[in-house]
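I have placed the structure first, in the form of structure tokens, so that the comments after it can refer back to it.
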Amino acid sequence: MSAFPVSSPEQGGAPLLSVRALRKTYSLPRGQTLKAVDGVSLDVLPGEVLGLVGESGCGKSTLGRCLLRLTDVSSGQITFEGQDITHLGERALRPLRQRMQMVFQDSYASLNPRRRIGDLLAEPLRVHPGPDGRKRPAAAITARLHELMDLVSLPVTALDRYPHEFSGGQRQRINIARALALSPRLVVADEPVSALDVSVQAQIVNLFADLQAQLGLTYVFVAHDLAVVRQISTRVAVMYLGAVVELGETDDVLHHPAHPYTAALTQAVPRPVVGASRHPPLRGDIPSPVARPSGCRFHTRCPMVQDRCRVEDPALHTVRPGHQVACHFPLAAD
Amino acid sequence: MPDNFPSAPVQPSPTQHTAAPLLAVRNLCVSFPSGGRMIPIVENVSFTLAERDILGLVGESGSGKSVTAMALMGLIDSPGVQITGSALFRGQELVGLPQKQLRRLRGRQIAMIFQDPMTAFTPVYTIGWQIDEQIRAHERLSRKQARARTVDLLAEMGVPDPARTADRYPHQLSGGLRQRAMIAMALSCNPALLIADEPTTALDVTVQAQILDLIRGLRTAYGSSVLLITHDMGVVAETCDTTLVLYSGRVAETGPTQALFAQPGHPYTAALLASIPPLDGPRPERLPAIAGAPPVPLERPAGCAFSPRCHYVHEACLPAPPPPLVPVGPHQSAACVLSTEGTPLPPRLISACASAAASIRHQAAPTPPPSHGEVSP
């Protein structure tokens with residue numbers, strides 16, 4: 001096992017994005033530190049959808065932002081398209097930003113309320129030069145805006161309207177269009193459907209899937225809703241208190257979890273089926289990331305905790321091909 | 001979670017031997033004035049809630065579920081609001097009841113918990129102080145007696161170290177603990193009816209499971225009925241005896257939860273259930289999404305409000321008035337013309353998924369296998 005175990009690059013090819021031993025800590029008053037991301041190593045393969053799941057405070061959003069260098073990391077390494085971007089300055093990052101974009105949860109807050117949709121979508125096209133290295137002509141920008149509206153199934157007339165004139169689902173379509181304006185390779189989506197109503201959520205999840213197939217995109221899809229993540233993801237990374245505790249193919253992880261936390265998490269999701277068997281829920285709350293438990297970070301709530309778990313922090317290791325877990329006593333697959 | 005209620009006081013239930021429901025709501029309408037006309041936000045909502053029953057009020061944002069609850073509690077005081085219809089609570093009419101009499105009911109007979117316990121508690125007093133105050137507002141107790149009751153309640157709600165927690169301020173508690181404290185406060189006067197407005201929406205799923213267990217236990221431990229407002233069909237399926245589906249301020253469908261989930265009578269219920277991505281069973285290629293978005297109250301169609309988004313829409317759906325609730329099964333009714341036309345919806349295809357779910361969840365049960373004991377140092 002290498003120092004930083006990496007998940008299955010079985011599909012072959014170099015990862016589009018990879019992070020090694022990534023840490024992000026925040027200093028708090030009284031000398032405390034909050035370890036938001038606590039040593040994460042993973043690869044994002046071209047064309048895959050990597051789901052990042054976990055409960056609030058597990059660091060999934062911070063990790064998502066660190067991947068795109070929207071938040072500076074404390075230590076570790078981020079490689080995008082083979083280039084180390086961990087310490088690149090803003091100016092050097094800018095050309096790369098065309099190829100890595102983000103979609104946020106709050107569709108309203110992420111659109112300037114005083115600007116028309118056409119303006120908002122044209123902004124990235126004006127800021128970044130065209131493929132020939134020169135400023136894009138106005139006609140090219142207009143043509144691209146029409147293409148984008150078509151991609152996200154909005155009428156062209158939407159370009160002349162303001163964000164408040166749209167419903168939440170439509171606004172999220174606009175945000176997606178903006179993220180796609182520069183034809184990125186990687187899109188990090190942070191809880192993009194959790195603010196939407198159930199009946200609208202499915203439309204946007206389908207849109208994400210369609211766009212990925214159509215444009216060959218790679219997603220890092222951050223969400224707390226396991227069912228949504230399952231629908232869209234090729235692989236899933238489960239996070240708990242800043243660390244990835246399980247990583248593997250989506251249905252392998254969700255249906256045959258090796259980590260007791262993943263098992264408890266999937267069982268806790270209420271199914272829209274009457275009479276589905278229920279399990280006793282996990283006890284207690286997630287510990288504060290400021291005072292992370294010793295040893296295994298999950299041991300305070302783990303139903304199968306042993307003495308070793310209280311002192312020794314388990315490393316992420318492979319239990320079966322393409323499936324890694326950070327647990328001393330992983331559950332059997334059967 | 002019966003072990004959470006060691007010595008829980010069981011509320012004497014005067015209506016136990018009679019069949020009268022605890023709460024009977026008939027044709028409740030709530031309209032707000034806007035631009036010189038009245039906008040109906042809730043239209044002709046009717047339901048009954050039996051003693052010790054859990055009724056789920058489910059709908060998307062803007063469906064009128066919270067407004068319904070606020071109207072029942074007499075908490076809507078925006079100028080010009082019009083509330084009509086009837087809501088009988090143990091035979092007493094709530095609609096139009098003067099605030100002074102409502103105040104006597106609220107807290108003592110009907111209590112409410114909200115989505116965000118952080119904003120429902122005042123940040124400047126301790127949790128214990130606030131629960132004591134609620135108890136002393138309704139009962140003649142000394143501070144000491146009230147605090148003793150508060151600590152007992154917190155303990156029964158599964159709050160660890162309740163005496164110390166009572167001395168803490170809301171911001172010092174986690175979301176799950178705050179919601180437990182909130183439920184403790186709501187139960188402090190043994191209310192007959194607890195209205196819970198999205199009580200677990202702000203919580204993580206593992207904590208949500210704990211709180212839902214707690215709410216399910218209230219009827220046996222406290223004899224309380226619960227009106228649970230949620231947008232989450234999963235929460236309804238696991239918690240409620242009866243379900244009422246609201247769409248755009250109107251009742252789309254109502255019935256026993258089991259029947260309603262097995263064979264929805266309204267295309268909206270069916271489409272809503274179908275659009276939820278499954279966690280178990282095969283993964284669908286695409287989610288069967290509902291096109292469009294719910295109408296805003298001003299642009300609500302004259303006929304069935306769901307008609308613009310419905311697969312089964314035809315001429316009969318379009319003209320006013322909206323289709324009335326018609327029986328589609330035992331105690332189940334839907335506001336849809338399909339069943340009267342003799343073409344009811346087919347049962348929901350869940351058998352495969354449900355059994356797969358059950359088996360997967362059994363396999364994954366984190367019970368420590370005996371071999372682990374030997375491995376441990």
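From the Cα gyration tensor of the protein assembly as shown, with a ≥ b ≥ c the square roots of its eigenvalues, which class applies: rounded if a/c is under 1.5, or else prolate if a/b is larger than b/c, or else oblate?
Working: a/c = 1.70, a/b = 1.22, b/c = 1.39.
It comes out oblate by the Cα gyration axes.
Of the residues A:Asp197, A:Asp106, ranked by 1.4 Å probe accessible area with the largest first, the sequence reads A:Asp106, A:Asp197.
Between rounded, prolate and oblate, where does chain B land on the alpha carbon gyration tensor, with a ≥ b ≥ c its root eigenvalues, rounded for a/c under 1.5, else prolate if a/b exceeds b/c? Please report the intermediate quantities before stating the final value.
On the way: a/c = 1.96, a/b = 1.21, b/c = 1.62.
It comes out oblate by the Cα gyration axes.
Shape call for chain A from the C-alpha gyration tensor, a ≥ b ≥ c root eigenvalues: rounded (a/c under 1.5), prolate (a/b greater than b/c) or oblate? Spell out each step's value before the answer.
Numbers: a/c = 1.95, a/b = 1.58, b/c = 1.23.
Because a/c hits 1.5 or more and a/b exceeds b/c, chain A counts as prolate.
Calculated FRET efficiency, A:Arg161 to B:Tyr125, Cβ-Cβ distance, R0 = 41 Å: about 0.30 to the nearest 0.05.
Go ahead and estimate [θ] at 222 nm for chain B from helices alone: -39,500 (n - 2.57) per DSSP H run with n ≥ 4, summed, over the residue count, rounded to 500. All intermediate terms of the calculation are to be shown ahead of the outcome.
On the way: 13 runs with 121 residues, N = 377.
Calculated from helices alone, the mean residue ellipticity at 222 nm is -9000 deg cm²/dmol.
Got a sec? Charge dipole of the protein assembly as shown, +1 on Cβ for Lys and Arg, -1 for Asp and Glu; which of A:Leu241, B:Leu338, B:Gln179 is way out at the positive end? Most positive-ward Cα: B:Gln179.
Taking only protein heavy atoms into account and a 1.4 Å probe, give the accessible area per residue of the protein assembly as shown in Å². Mind showing how you got there, number by number?
On the way: 29680 Å² over 711 residues.
On a per-residue basis, the protein assembly as shown sits at 42 Å².
Quick one: net charge of A:Ala138's neighbours, Cβ under 14 Å, K/R +1, D/E -1?
Values: positive: A:Arg126, A:Arg134, A:Lys135, A:Arg136, A:Arg144; negative: A:Asp119, A:Glu123.
Within the 14 Å Cβ shell, the charges total +3.
Over the range B:26-82, Cα pairs under 8 Å with separation of 6+ residues give a relative contact order of 38 percent. Chain B and chain A together bury an accessible surface of about 5200 square angstrom, both sides counted, with a 1.4 Å probe and no ligands or nucleic acids included. Full extension of the chain between A:Ser194 and A:Asp84 yields a length gain of 36.4 nm, computed as 0.36 nm times the residue separation minus the alpha carbon distance. Annotation: B:Met182 carries an accessible surface of approximately 10 Å², with a 1.4 Å probe and no ligand, DNA or RNA atoms counted.
Of the solvent-accessible surface of chain A, computed with a 1.4 Å probe and all protein chains present, 51% belongs to carbon and sulfur.
Comparing B:Ile54, B:Ile276, B:Ile215 in a Gaussian network model of chain B (Cα springs below 10 Å), the most mobile by mean-square fluctuation is B:Ile276. About its Cα centre, the range A:106-181 has a charge dipole of approximately 220 debye under the convention of +1 per Lys or Arg Cβ and -1 per Asp or Glu Cβ, with nothing else charged. The residues neighbouring B:Ala146, those whose beta-carbon lies less than 13 Å from its own, together hold a net charge of +2 under the Lys/Arg +1, Asp/Glu -1 convention. With R₀ fixed at 56 Å, the C-beta to C-beta distance from B:Glu139 to A:His128 puts the FRET efficiency at about 0.25. In the range B:279-311, burial by the other protein chains removes 50 Å² or more of accessible area from B:Leu279, B:Arg283, B:Arg286, B:Leu287, compared with the chain on its own (1.4 Å probe, ligands and nucleic acids ignored). Dipole magnitude for chain B: about 1000 debye, using +1 per Lys or Arg Cβ and -1 per Asp or Glu Cβ, origin at the Cα centre.
Count Lys and Arg as plus one, Asp and Glu as minus one, and take only other residues whose Cβ is under 15 Å from that of B:Thr68; the net charge is then -1. Which residue fluctuates the most in chain A, going by a Gaussian network model with Cα springs under 10 Å, if the choices are A:Leu63, A:Leu151, A:Leu241? Largest GNM mean-square fluctuation: A:Leu151.
As a test, work out the antiparallel percent of DSSP beta bridges whose residues both lie in chain A, rounded to the nearest 5. Let's see the in-between values first.
On the way: 27 of 45 bridges.
Taking every DSSP beta bridge within chain A, about 60 percent pair in antiparallel fashion.
For the options A:Arg20, A:Arg91, A:Arg115, a Gaussian network treatment of chain A with springs between C-alpha atoms closer than 10 Å singles out A:Arg91 as fluctuating the most.
Rolling a 1.4 Å probe over the protein chains gives A:Ser75 an accessible area of about 50 Å².
Using a probe of 1.4 angstrom, how much of the accessible area of chain B is carbon and sulfur, in percent? Mind showing how you got there, number by number?
On the way: 9450 of 16390 Å².
With neighbouring chains kept in place, the figure for chain B is 58 percent.
Computed with every protein chain present, the accessible area of A:Asp150 is close to 120 Å² [probe 1.4 Å].
The values are calculated or read from the model by the stated rules, or taken from the named source; none is laboratory data. Because the structure is predicted, anything quoted here is derived from the model rather than measured. Positions of Cβ are generated from backbone atoms using ideal geometry, with glycine treated the same way; all protein chains shown enter the neighbour counts. The area values use the complete protein model at the heavy-atom level, side chains included, leaving out ligands, DNA and RNA. Shrake-Rupley method; radii C 1.70, N 1.55, O 1.52, S 1.80 Å.
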